[in-house]
1. Under the condition of being in a loop (DSSP other than H, G, I, E, B) and surrounded by fewer than 23 Cβ atoms within 10 Å (Cβ to Cβ), which residue from the stretch 310-324 is farthest from the chain's Cα centre (by Cα)?
2. Any residue in the stretch 329-354 that is under 15 Å from Cys256 (Cβ atoms) and open to solvent by 10 Å² or more (accessible area, probe 1.4 Å) sitting within a Cβ distance under 7 Å of a residue that is charged (D, E, K, R) and in a strand (DSSP E or B)? List the pairs, counting only those 6 or more apart or interchain.
3. Those residues that are in a loop (DSSP other than H, G, I, E, B) and open to solvent by 10 Å² or more (accessible area, probe 1.4 Å), I need them from the stretch 216-228; list them, please.
4. Which residues, counting only those in the stretch 229-246, are touching a helix residue (DSSP H, G or I) at 6+ places or on another chain (Cβ under 8 Å) and open to solvent by 70 Å² or more (accessible area, probe 1.4 Å)?
5. Can you tell me which residue in the stretch 160-205 is surrounded by the most Cβ atoms within 10 Å (Cβ to Cβ), limited to those that are assigned to a loop (DSSP other than H, G, I, E, B) and in contact with a Leu (Cβ under 8 Å, 6 or more places away or on another chain)?
6. Under 7 Å between Cβ atoms, at least 6 apart or on separate chains: pull out the pairs that start in the stretch 299-315 with a residue that is closer than 14 Å to Lys343 by Cβ and end on any residue that is modelled with pLDDT of 95 or more and β-branched (Val, Ile, Thr).
7. Can you tell me which of (1) modelled with pLDDT of 95 or more; (2) more than 29 Å from Ile292 (Cα to Cα) is the one Ile214 doesn't meet?
8. Across the stretch 281-296, which residue is nearest to Ala228 (Cα to Cα) among those that are part of a strand (DSSP E or B) and open to solvent by 10 Å² or more (accessible area, probe 1.4 Å)?
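The values are calculated or read from the model by the stated rules, or taken from the named source; none is laboratory data. Since the structure is predicted, the reported quantities are computational estimates derived from the model, not experimental observations. Neighbour counts run over all protein chains shown; Cβ positions are idealised from the backbone, glycine included. When the accessible area is computed, the model is the full protein with side chains, heavy atoms only, and any ligands, DNA or RNA have been set aside. Shrake-Rupley method; radii C 1.70, N 1.55, O 1.52, S 1.80 Å.
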Amino acid sequence: MPKLTQKSRRVQQAALLPAAAAATVGVSAVSTFVGPAARGVAPPSVSQQHFEVVGLEAATPTSSASTGVAVGAACLAAAAATAAVQQSSRRRTSKITSRATAVAVDIDTDCINAIRFLAVDAVNKANSGHPGAPMGQAPIGYVLFAEEMKLNPADPQWVDRDRFVLSSGHGCMLQYSLLHLAGYSSVSLDDIKQFRQWGSKTPGHPENFETEGIEVTTGPLGMGISNAVGLAAAEAHQSAVYNKPGLPLIDHYTYCIMGDGCLQEGISHEACAYAGHLGLGKLIAFWDDNGITIDGHTELSFTEDVGKRYEAYGWQVLTVENGNTDVDAIRKAIAEAKACTDKPTLIKVKTVIGYGSPNKADS
């Protein structure tokens, strides 16, 4: 490496320190996350990377067990590590030293917060929309799009892609954030800035004829989960017709996120009962169990045992007790759902609507 002059060191430090400082205080610097190239292939580990900020000792390595890679965060860690090497000869009397604090880099949390705050910022700019659902559902979306789902942003119509349906369509900024961060050209940052504006590609509910990457139009509660049942039934039929031994042409999952309102609607009862009858083992539905409907808290009008009802339909029912931060529990539930091949799975994920908001959470 060529020797750096003191001037060039200062220029390089000026470029790198803002990003490094952002990481140390937990501010997300991630603009894009990318899932693994193939299932079962471990991405390059960043757990051994550490850094110093103007002479401070190394941060605690990340404890994330995620197989998905946040490319922006990994590059940030690498850049910060390089800066530390180049600054090793600097005197440790900088004024910044007394103010900077090195902390652990948690890629999962940074990515999830990037999703949450894209949703928050878009809703705030539009002065219209629903930020609460995306804030609570962001960990589910992150695990699906960054790790679990088989997709190709360069070819959104690839026939054997996994399908994702947001039945709680009013929370569509979750889906727009996920598409943008996963690399879909159909949802640019400028499109997100035009959320809920006339003629934009990010309307107030997901529209499959407006935005590439949206599988089905959703909005009326119960409609999305019913469409998801249809997509899963189509996958089962096509795989039975076209697959040959050793040649699984059709082999994908259908994922759906729905809320309490979707579970109240009669159409979801009929469709989900049919899914249990067919034994659609590649249908995985997440119930965002945040205890809130348009009426208020669910104890006002919705107190039935939903899990027992779905078991009666013939579904496997699993529970994630802390969907706000326990990403590993979500991963474990998905793995258990995939292990059950003869039943659809309902994963009850306990969340707080508007998680992280000091004034609006759980309301």
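1. Checking each candidate, the answer is Gly314.
2. If the second residue must be charged (D, E, K, R) and in a strand (DSSP E or B), the pairs left are Lys348/Asp289.
3. Of everything in the stretch 216-228, those that are in a loop (DSSP other than H, G, I, E, B) and open to solvent by 10 Å² or more (accessible area, probe 1.4 Å) turn out to be Val216, Thr217, Gly219, Pro220, Leu221.
4. None - no residue of the stretch 229-246 is touching a helix residue (DSSP H, G or I) at 6+ places or on another chain (Cβ under 8 Å) and open to solvent by 70 Å² or more (accessible area, probe 1.4 Å), so the list stays empty.
5. Ser167
6. Gly307/Val317; Tyr310/Val317; Glu311/Val317; Trp315/Thr345
7. Of everything listed in (1) modelled with pLDDT of 95 or more; (2) more than 29 Å from Ile292 (Cα to Cα), Ile214 misses just condition (2).
8. Once the filter is applied, the top-ranked residue is Trp287.
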